[in-house]
Every structure is written in C-alpha cells, then in structure tokens.
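Reading through the structure tokens given below for one structure.
Since every read-out is calculated from the coordinates, none of them should be taken as a lab result. Predicted model only: the values in this text are computed from it and were never measured. Quick reminder, even Gly has a Cβ in these numbers, built from the backbone with ideal geometry, and neighbours come from all protein chains shown.
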Amino acid sequence: MSSQQEPTLSISSGTPDTVSARGAWHVRALARRGVMARLRRQIARLPQDAAWDLSAVEAIDHIGAQLLWDAWNGQRPRALHLPAAHERVFERVAAAGHLRLPAPEPRPGPLRGAAMLIDRAADHLTDFIALFGQLVLDLGRFAAQPLRGPWRELSAHVYHIGYQALGITALVGLLIGIVLSYLSAQQLATFGADIYLVNILGMSIVRELGPLLAAILVAGRSGSAITAQLGVMRVTEELDAMLVMGMPHGMRLILPRVLALAIVMPLLVVWTDAIALLGGMAAARLELGLSITYFRQELPNAVPVANYWIGLGKGVAFGMLIALVACHFGLRIKANTESLGQGTTISVVTAITIVILADAVFAVIFQRVGF
Amino acid sequence: MAEPVIEISKLHTQFGQHVVHRDLDLTVAAGDILALVGGSGSGKTTLLRHMLGLTRPSAGRVRIFGEDIGKLGGQRLQQLRNRWGMLFQHGALFSALNAFDNVALPMRELHALPESLIREAVLLKLDMVGITPAEAQKMPANLSGGMIKRVALARALALEPELLFLDEPTAGLDPALSESFVELIRALHAQLGLTVVMVTHDLDTLFALASKVAVLAERRVIACAPPQQVLEIRHPFIEHFFLGVRGQRAQQALHETQVAKEPADGK
C-alpha cells in the first residue's frame, strides 16, 4: 500500500469538460514534496461545472476526499463517476461538511483584565492566609500530641533539604567570602585601613550575606522540589487519595516541610557563615597578610553576638517562608503538565522575592541592634 | 499483500535478572484485528512498545511493513511512523494543547497540508469519534476520561494509518461508549483496511472485534489463532482467562450458537 502512484488530475475537453483523478489520494501521497502545491494550482484553474471521474483512483482516505470536496465547493458535482468503494468516505466528508469551529472568545478588555488580576491576587492572598492558619492549627495539634506527629517525614525532609544542601552552600559561601575579602581589601588598603577588613567581612557575612545566600540557594533547590512534588501528587491524584483516607494535607505534607526548613535553615546559615568567613580569612591572609590568629581574635569584638542571633532568626523566618510559598504554589497546581511547569517557576521566583522582602523588613526592625 | 504487516522473531526481553519474553514469535497479517491477551505482568505492553520502536528488545527482530525497526533511523523511521497510529491507555493527549490542536498536530507536522484542509479534516476526525466542535476547543484537563480517549483515537487516526495500535481501548469507558468505540473501529477496519493490534482485558471487546487472539504466557506467544480455535486449546491460562464466569458471559452474549462448550468447571 506504500508505493502507489502519485495523485494527479487531468482534464479532457468535451461538453462538459471531464476532470479525471487518478493515483492514490491519501495523506502520505499528498504530503510528498510538491504534490500538494501542484494539485492546488490545478484545482484553482479547473472549470466550474466540470464532470468528475474518480474511477481511476486507487485509494482515497478522508484527507484526500476532503481536498476534492473543497475543490467541489462543498457539494457533489452534477456529473460524478464515483466507484462504490469510495462512496462511504465521501458520505462521511459530506456529513461533516457543516461543522464549524465556534469563534474564539474575545480577549478581555483592559478593565476586565485588571479586575481579573485583582481577583487572582485576592485569591492567592486568601489561600496563603488559610494555609498559614492551618499551619498554626497543625502546630498546636503537634505540640499537644507530639508522639503522633509526622516524625518520619520530618527527618526525611531534614536530610534532603539540609544535609544534601551542605555541599552547594559551602561552595557558594566559600567563593563569596573570597571575592568579598579581595574586593574590600583592595579598597581598604588605599585608606590604610586594612585591619577593618574583619569588621566589614564579619558584619556583612554574619548579618546579611550568610542568611540570604543560604535562603536563595534553598529556595531554588528545595522550594522548586516541594512545589513539583505537590504538583505531581495532584496530577497523579495522590492528594485526593490522602484526603479520602482521612490524612489531612496540612499535617502530613505542609507541617513537616515547614518545620524541616525552620530547623534546617538556621543550621545552614551557620554553616554558610563559617565557610564564607574561612574563605574571607584565607583571602585576607594572602592579600593583606592579616594573620588567621588576628582575624579570629578580632572577630568577636568586631561583630557583636546580637548579629549572630539576628542571622539565625532570619534563617528560621526565611526557611518557613520558602516552605509556605512552595507549598502554596504546589497545592494550586492543576492536573496538567503546563500548570506544573508554570507553578514551579512562579514558586521559586516568588520565594526568592519574598525572602529579599523579608530581609528588608529585618533590616528596618533591627536597625539599631547589634552595632 | 502477502507480506505480513508485523513479524516478530526470536524476541528476547530482559530487565536485569527478570526475563519478560523468551523466543517469542508473532506474525500479524494485513487486515487482521489481533488481540493480545495475557495475565498482568506478562509483558503485553512491553511487546507493544517494542513494536512501536519505543524500546528495543534484548535480542531478536521486529519487522513492521517488512522493515527491521531496530535498524531504521531518521527519515525512514519517520515515514514508517506516519503509517501507524497508537492509542495510549490514558490517551496521552498533550495537555498544553486543546483537543482540536492535539488532532491537528500530526497533520501540521507533515508541513505539507494547507491549514484550511487541516481544519476540516480535524473536524471530520473528531466528528467520527463523536466530539463536537465546541468540545474540540477544550483543554484535555477539562475533558472527561471517555472524551480524552476518543480525542486520542482521533489523533491516532489523524494520518489515516494502515496499522493501529490500541492499548486497552475500552478500559474506563461506559458500556454504551465501549460499544460505539467497538463499532467505530470495526467500521474503520472495514473501510480503510486497517490492521489493528490491541491489548485488551475486556472480553466483550475482544470477542466483538478480534479476528485473531494472541495469548501471551510463559514468556512467549502460546497461541495465535481465531478466537474459536484459541478457546479449544487446553492450557491453564487460557481456560482461566476465557472460561471463567465473565468469559462465559461474554461468549454467550456474542456467540450464542457457536460456543457450545461445556462449562469447564469454571476454572
């Protein structure tokens, strides 16, 4: 059935003219290079009231029949010789001839678009507040009956989100520490203020950069994972299955993730701080010749311990925010792949933005603390 | 047309230590409607995937339309792929496209047909499976399971295939829909001369459609014959599969006169 003749049209003059089609009129033959263009040129030039002879057509499928049907302007020509074998195909095409796609819905106007946007934002906000409220209730229940809590999930998340992030946070922390140290050292050297390097490095890393770096890395790494996990659970109906079995999402999915991030993030902050300071120390030793001992002695004086606590507090807050945002977007994912991809992207972008916003809030609240 | 459409010889499949197929042979002639049956885990779907060229067997040869699909590549394989259609068990519609675009996609991929022709051809295909133009504009997420299946069949039929693979075509459809599905496939088969390979557990569908039944057990095809002949084979799996209570019912309903066998004790 594969190597049949090309579909062709030929016109023999008479009264009226007769158009005879021959060859295989099926989609694979029509799709061959140039065939379609040639046929359409021919069809455009055909006389209106020609007689048609399809007796030499070897095979015809719906697409071939549709092409002829269109050439006939949606009705059978008055004189048509059609073999009985092909009758059924044309009947089908004729029956479907009246079908039209309904016109697409008009795009919403600017006012309507704005209203929809506000609607969506309000929807997100109420959902987020409900999620947070549920989390508080679940925390209360967890505190009341700690033995029945989701310990197993909690430990799994601590391992995946915390332990497995040690490598990447260390690498990034180390590099940032080195870069910061080099840049500051060069500037300070021009003022002869080399020894203040400890203050600059200590303050910026412990108070700002450590928590922020760790949070951004975790948001990209685990925030996306959480959203995708929940989204896939929606696609595979696991979320519904849990509800049917009476396992609430809040206790089993949200609480362990939020708690795990709240536990793990401050630890990651300490780890990132330490590695970044080590990198800074090493760079200072090479660039300015500041000894490691001096650096170590000077650090507690340069950075009051309050900054360390602020950093830890930021870690807890950022961790919970990342988890909440990731869960929020994960639960909103609809059961299709498009939504999964979009949801994950929005989740990560939102988590990072919110972390930076929260960082600004911390800066304002603690502006007179720790100097 | 003497050449078989599908010819599988000495096929061997192994996942790690687990042998799925051993020395499996199967031939499908043009115009056959072959039902592939077997217990769960007997490798029906794996065999189907081998035929589609999605996976490669550990050893052995799969020839489709006379060509060894393990050795084909590029253009030739694509041409071959345009000659068959596959209906996946859960439809596998592209969730980013609406029903209409899902069916139009294979036609557009040919880069040869004008858009006006594609539009009419798609509406025709959707009409054949009972989907209205209004429903055609819905996204797959908003379609019911039965509608997804019918749209998926329309997509499988988009390029007028000579060979149609069906994985559980009637699973998840209500009886009336199953019946119209069976009718549709039978009509298409009669009209387009389709060759159909289907994996099914639904005995009603099997007896209504299949011209041949291939029974997969003991890691190979133990029988490949018309349904009546397969029923007469004495083999524990066949007796269990066809002569259970459900099998009896299905046979009675559809072959009241032909099947005059004694109930083989239910087992």
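Taking the Cα-to-Cβ direction at A:V232 and at B:Q79 and moving 7 Å from each Cα, how far apart do the two end points lie in nm?
Simple spin-label model gives 4.0 nm for this pair.
Taking a cut-off of 15 Å between Cα atoms, list the aspartates and glutamates near B:K44, but don't count ones fewer than 8 places away on the same chain.
B:D23, B:D25, B:D167, B:E168, B:D202, B:E218
Across all directions of projection, what mean area in square nanometres is found for the Cα convex hull of the protein assembly as shown? Before the final figure, lay out each step's value.
Values: hull surface 170.4 nm².
Projected over every direction and averaged, the Cα hull of the protein assembly as shown covers 42.6 nm².
Using the reciprocal of the averaged 1/r over all distinct C-alpha pairs, how large is the Kirkwood radius of chain B in Å?
Every distinct Cα pair counted, the radius reaches 19.5 Å.
Using the Karplus equation 6.51 cos²θ - 1.76 cosθ + 1.60 (θ = phi - 60°), what ³J(HN,Hα) coupling, rounded to whole Hz, does each residue of region A:173-184 give in order, writing x for Gly and Pro?
x, 4, 5, 5, x, 5, 4, 4, 4, 4, 4, 5
Between A:L137 and A:V244, what is the FRET efficiency for a Förster distance of 22 Å, r being their Cβ-Cβ separation, to the nearest 0.05?
On the way: r = 21 Å, r/R0 = 0.96.
E(calc), rounded to 0.05, equals 0.55.
Return the tail of the calculated pair distribution for region A:122-365, meaning the percent of Cα-Cα pairs more than 23 Å apart.
Numbers: 15930 of 29646 pairs.
So the pairs more than 23 Å apart make up 54 percent of the total in region A:122-365.
Taking every DSSP beta bridge with both residues inside chain B, roughly what % is antiparallel (nearest 5)?
Here the share of antiparallel DSSP bridges comes out near 50 percent.
I want the local charge near B:R22. Using Cβ-Cβ distances under 9 Å, sum +1 for each Lys or Arg and -1 for each Asp or Glu among the other residues.
On the way: positive: B:R219, B:R220; negative: B:D23, B:E218.
Computed value for this residue: 0.
With 10 angstrom as the radius, rank A:Y308, A:Y294, A:Y163 by how many other C-beta atoms surround their C-beta, starting from the fewest.
On the way: A:Y308 19, A:Y294 15, A:Y163 12.
Ranking A:Y308, A:Y294, A:Y163 by Cβ neighbours within 10 Å, fewest first, gives A:Y163, A:Y294, A:Y308.
Taking every DSSP beta bridge with both residues inside the protein assembly as shown, roughly what % is antiparallel (nearest 5)? Numbers along the way, then the final one.
Values: 24 of 51 bridges.
Of the beta bridges lying entirely in the protein assembly as shown, close to 45 percent run antiparallel.
Set the Förster radius R0 to 30 Å, insert the Cβ-Cβ distance between A:A121 and A:V364 as r into 1/(1 + (r/R0)^6), and round the FRET efficiency to 0.05. Walk me through the intermediate numbers first.
On the way: r = 24 Å, r/R0 = 0.80.
Once the sixth-power term is evaluated, E becomes 0.80.
Please check which bits of region A:212-234 a label hung off A:A282 would reach, taking the label as a point 7 Å along Cα-to-C-beta and the cut-off as backbone N under 16 Å.
Residues passing the 16 Å test: none.
Name all residues of region A:6-37 having a backbone nitrogen under 20 Å from the label point set 7 Å from the Cα of A:A79 along its Cα→Cβ direction, giving them as ranges.
Zone members listed by number: A:9-22.
Could you tell me what percent of the DSSP beta bridges with both partners in region A:8-96 are antiparallel, to the nearest 5? Write out the running numbers ahead of the final one.
Details: 5 of 14 bridges.
Here the antiparallel bridges make up roughly 35 percent for region A:8-96.
For region A:1-158, report the translational diffusion coefficient in µm²/s to the nearest whole number, using Stokes-Einstein at 25 °C, 0.890 mPa s, and a Kirkwood Rh over Cα pairs. Provide the component values of the computation, followed by the final result.
On the way: Rh = 21.6 Å.
After rounding, the answer is 114 µm²/s.
Excluding A:E153 itself, calculate the net charge of residues whose Cβ lies under 10 Å from the Cβ of A:E153, where each Lys or Arg counts +1 and each Asp or Glu counts -1.
On the way: positive: A:R152, A:R252, A:R257; negative: none.
Here the count lands on +3.
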